[in-house]
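So the structure is just underneath, and the comments pick up after that.
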């Protein structure tokens, strides 16, 4: 029953928060409206999400968010330096193929997003069976290092979270 | 205009807000400059997905700290903008990269996958596992 009413409890919670943030004022009426949205939207959209995403370790997820935020700042500075101070012909762009250990769509999505936002890399495309991800690297002389970095720093943590 | 002019900030608070605005502006400029300087589409993707994040982030932080220091209200709009930006920027970049590759790059230009199937823009996904078998999760793009 509860499962039917709340097919995606995390999404419901998220919607309440986003609604409260959008109106920018926390009043009982707003929270009620947010709660109604939080129930209705997942109910209506549940056919598109057959599997319920599970967060096994929310604490790890918070740490992950902080790490990624920090890495975004670092990556910003690195890319800015490359753009400003490297000559065009000194920028060695390379493709890196990262084999994936995670199999479900949610961690892969998060990983692809993280790769794009962080260290000088953009995730381009998945292989057809979702077993590796093709990453474009703006400037590197050590493609294997980039791959190991992504696997060590992000994928290992995502495997623990989901 | 009047309401804005009446609010007086402490000098240090003013410096903080100015600093954040300048940092944000600098990264915005660098991101846009990258679009001119870098040579091919895939390289150009890097500039707006990264350098601009901190550009927008700086302006948002400046906005948060201004309203907090001057009017003592904590606004959540900026946090939501950050959230939406982090959701949309990678997806846009991914779509642009895929479209570019599908239209302009033959499969021989990119490295091989390490699995049995090729990249999803060139190859069909494996058939869904009907009878219990090995088979990885079907790709969902």
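Just a few scattered comments:
- Cα gyration tensor shape of the range A:93-143, rounded if a/c is under 1.5, else prolate or oblate by comparing a/b with b/c: prolate
- Peptides B:52-65, A:80-93, B:35-48 ranked from most to least packed, by the mean per-residue count of other Cβ atoms within 10 Å: B:52-65, B:35-48, A:80-93.
- Note on residue A:88 and residue A:27: the model spin-label points, each 7 Å out from Cα along the C-beta direction, lie 5.8 nm apart.
- Ordered by the number of other Cβ atoms lying within 10 Å of each residue's own Cβ, fewest first, B:32, A:127, A:45 fall into the sequence A:45, B:32, A:127.
- Between 0 and 90 degrees, the angle of helix A:105-117 with respect to the longest Cα principal axis of chain A falls at about 50 degrees.
- Simple spin-label estimate for residue A:37 and residue A:95 in nanometres, 7 Å along Cα-Cβ: 4.2 nm
- Peptide ranges B:19-31, B:71-83 listed from the most packed, as the mean C-beta count within 10 angstrom indicates: B:19-31, B:71-83
- The range B:9-106: C-alpha gyration tensor shape, a/c 1.5 cut-off, then a/b vs b/c: oblate
- With a 10 Å cut-off around each Cβ of B:86-93, the average count of Cβ atoms from other chains is 5.
- Degrees between helix A:28-45 axis and first principal axis of chain A (Cα, 0 to 90, nearest 10): 70 degrees
- Across chain A, the relative contact order, built from alpha-carbon pairs under 8 Å that are at least six residues apart, equals 23 percent.
- Shielding value for A:153-159 is 0, the average number of Cβ atoms from other chains within 10 Å of each residue's Cβ.
- Note on A:102-110: average number of Cβ atoms from other chains within 10 Å of each residue's Cβ is 2.
- Principal-axis analysis of the Cα atoms of chain A puts helix A:9-23 at an angle of about 90° to the longest axis.
Taken together, the values in this text are just the output of simple stated rules run on the coordinates, not laboratory data. For clarity, every value in this text was computed on a predicted model and none was experimentally measured. As a convention, Cβ positions derive from the backbone with ideal geometry for all residues, glycine included, and neighbour counts pool all protein chains shown.
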